[in-house]
Amino acid sequence: METFDIKYLFQIIKKYKLLIFSSAFIGTLIATFVTFFYLTSIYSASTQILVTQANDNKNVQSSEVQANIQMVNTYSIILKSKDLMKEIAKDYPKYTANEISKNLIVTSDSNSQVINVTVKNQYPRVAVAIANDITDKFIKESKDLIKTNEVSVLSRAYIEDSEHPSGPNHQIHLMIGLLAGLFLAFIIIVLKEMFDTTLKTEESIEKILQLPILGTINHINKPGKGGQRHEKNKNQG
């Protein structure tokens, strides 16, 4: 049964190979057009913020480090607060606070006192400016909100680091186009095979009619005109 299924599968692929290749090619072609000519390139700019204790003691205890790490989560929430986003939006009237918040990514590594701030925008200079502006305003506001910790800029965003697009991912879109084309071909093949009621094999006839096959008649092609003349001349000879 497994051998038969595999054989039948290869027969189907061979039968519809033109449809499969055409669908895959068209799907990839559409994905290429959409990716390179329709989707807008996105640029990313990143800054880093360091969280430390607000004291001059150089001998930092491990408990203080753990406290700083726990405060990182609190600062990450403050970074995406509506009030801060509204303040940023005042400097960039083209964007709303919600749009800036959607394009803002705040992350931190486990057991780290560093907060990573990433801003995405279709213009690299705007992404860099917003990332640095968010960092500066956050540091200013956090000093008034939480006085037990100190936040400082570990690294700023620079235009030379944001000149190349970070998205969209061309390879993923092309792969999606290819898979979509193959899936469409699969659907067409399944529908055609489901609605095809012709009997093609002896086994299918026996299975449907529940009767044994007594004999078969092979298909004989008609001879051409040349063949008819040849037979006629042979008889005359």
### Task
State whether one or more residues within the stretch 75-85 are modelled with pLDDT under 95, out of contact with any helix residue (DSSP H, G or I) (no Cβ under 7 Å at 6 or more places or on another chain) and open to solvent by 50 Å² or more (accessible area, probe 1.4 Å).
yes
### Query
Right, residue 174: open to solvent by less than 90 Å² (accessible area, probe 1.4 Å) and touching a residue at least 60 places away in the same chain (Cβ under 8 Å) or not?
yes
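Could you say whether any residue in the stretch 101-109 is under 29 Å from residue 171 (Cβ atoms), open to solvent by 90 Å² or more (accessible area, probe 1.4 Å), at pLDDT below 90 and not in a helix (DSSP H, G or I)?
First, the residues of the stretch 101-109 that are under 29 Å from residue 171 (Cβ atoms): 101-109.
Next, only the ones that are open to solvent by 90 Å² or more (accessible area, probe 1.4 Å) stay: 102, 109.
This time we only want the ones that are at pLDDT below 90, so: 109.
Add one more test, that the residue is not in a helix (DSSP H, G or I), and what stays is 109.
Yes, the conditions are met somewhere in the stretch 101-109.
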### Query
What is the number of the single condition among (1) farther than 24 Å from residue 178 by Cβ; (2) modelled with pLDDT under 85; (3) of a type in the set (S, T, N, Q) that residue 11 does not meet?
(1)
### Message
Of the conditions (1) surrounded by 13 or more Cβ atoms within 10 Å (Cβ to Cβ); (2) touching a residue at least 60 places away in the same chain (Cβ under 8 Å); (3) part of a helix (DSSP H, G or I), residue 193 satisfies every one except a single condition; which number is it?
### Response
(1)
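Suppose we filter the stretch 137-160 for residues that are surrounded by 13 or more Cβ atoms within 10 Å (Cβ to Cβ), under 26 Å from residue 71 (Cβ atoms) and not aliphatic (A, V, I, L, M); how many remain?
Step one: list which residues in the stretch 137-160 are surrounded by 13 or more Cβ atoms within 10 Å (Cβ to Cβ), which gives 137-139, 141-143, 146, 149-151, 153-159.
Those left that are additionally under 26 Å from residue 71 (Cβ atoms): 137-139, 141-143, 146, 149-151, 153-157.
Next, only the ones that are not aliphatic (A, V, I, L, M) stay: 137-138, 141-143, 149-150, 155-156.
Total meeting the criteria: 9.
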#### Entry: Filter result for residue 143 (part of a loop (DSSP other than H, G, I, E, B) and of a type outside the set (A, V, I, L, M, F, W, C))
no
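The values are calculated or read from the model by the stated rules, or taken from the named source; none is laboratory data. Being a predicted model, the structure only gives us computed values, none of them experimental. Backbone-built Cβ (ideal geometry, glycine too); neighbour counts: all protein chains shown. What goes into the accessible areas is simple: the full protein's heavy atoms, side chains included, and nothing from ligands, DNA or RNA. Shrake-Rupley method; radii C 1.70, N 1.55, O 1.52, S 1.80 Å.
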